[in-house]
Amino acid sequence: MNIVVCLKQVPKKDSILRIAADGKWIDDRDLSYEMSEADAYALEEALRQKEKHGGEVIVICMGPERVRQSIKEALAKGADRAIHLYDEAFDHASDAAGIGRALAAALKDEKFDLVFTGLQSDDYGFAQVGLVIAERLGLSSATIAMEVQPEEGGVRVKRELESGWFQWVKIPLPALLTIQSGINQLRYATLKGIMAAKKKELREVKAADLGLTADDLKPAQVIERAYLPLKSKQTEMIEGKPAEAAAKLVEKLRFDARVL
């Protein structure tokens, strides 16, 4: 059972976010980074499937030099090898379409049974990259996976739906699954794993190696403006007899605030 896990590095949750000077995204000069939470759960699920069924786990990550920290973390936890898409041309792939196109191009010659991505990243939250990869590679796919059970020629997947409902589906291999956070309990890298990671393959891939140019990775979606939400407060006095005031309060909580 060979499994590819797509990783993304995102700003840490406790980072202080400031809008960049151009007003189009956050200023990344003072940020520290970590593996996106849903991707960490996807990696853990891949490692558990490998422990049950054998095979190998390959991680792939796109980004600047700093993303190697997350790649090495994945290798230390038990991934067998890694692919790093490292090229200025990949900076143009800033939306789900461009990122998915680049990752699919890097995976088209890989031999795998499953591809795992996190359900959505902690920064942009597109929740689309996995599906773009599946479409470009012609893979069957299932989203919001909460349990994964490989079977002969296919995989059974428990999907999370709305209002506490779940759905079991079976899809043929090879397949792509987007993994929901909380599907399992994350492990820590051991000292032995950290030392072993230094000897594992980490292959660097350029855009030209995939036959891609900056124009090929041009985003279909562009962020025009990023801004902090405006804080406002409005106080309304409810007057009248206690019973009448209480009735008005309940009405406003039910129909205006919609908390009842």
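No lab work stands behind these numbers, since they all come straight from the coordinates. Keep in mind it's a predicted model, so treat the numbers as computed, not measured. No Cβ is skipped: glycine too gets one built from the backbone with ideal geometry, and neighbour counts run over all protein chains shown.
The base-10 log of I(q)/I(0) for region 42-117, evaluated at q = 0.22 Å⁻¹, reads -1.08 [Debye formula, identical scatterers on Cα atoms, solvent excluded]. Taking the DSSP bridge list for the chain and keeping only pairs wholly inside it, about 40 percent are antiparallel.
Taking 23 Å as the straight-line reach from the Cα of LYS206, the lysines in range (excluding those fewer than 8 positions away in the same chain) are LYS8, LYS72, LYS108, LYS111, LYS198, LYS218. With the cut-off at under 17 Å, measuring from each backbone N in region 70-103 to a point 7 Å along the Cα-to-Cβ line of ARG136 picks out 83-103.
Spin-label model, ILE238/GLU65: points 7 Å from Cα along the beta carbon direction are separated by 6.1 nm. Using only the C-alpha atoms, the convex hull of region 1-136 corresponds to 105 Å³ per residue. Within the straight-line cut-off of under 28 Å between alpha carbons, the lysines reachable from LYS231 are LYS12, LYS13, LYS24, LYS248, LYS252, sequence neighbours fewer than 8 places apart in one chain being disregarded.
When the GluC sites (Glu not before Pro) in region 60-124 are filtered for DSSP coil states and for at most 14 other beta-carbon atoms within 10 Å of their beta-carbon, the remaining sites are GLU110. At a Cα cut-off below 20 Å, give the aspartates and glutamates reachable from LYS170, other chains included and same-chain residues fewer than 8 away excluded. Filter leaves GLU45, ASP113, GLU135, GLU147, GLU151, GLU152, GLU160, GLU162.
When Kirkwood radius over Cα pairs in Å is calculated for this entry, the matching label among (i) 20.5; (ii) 19.4; (iii) 18.8 is (i).
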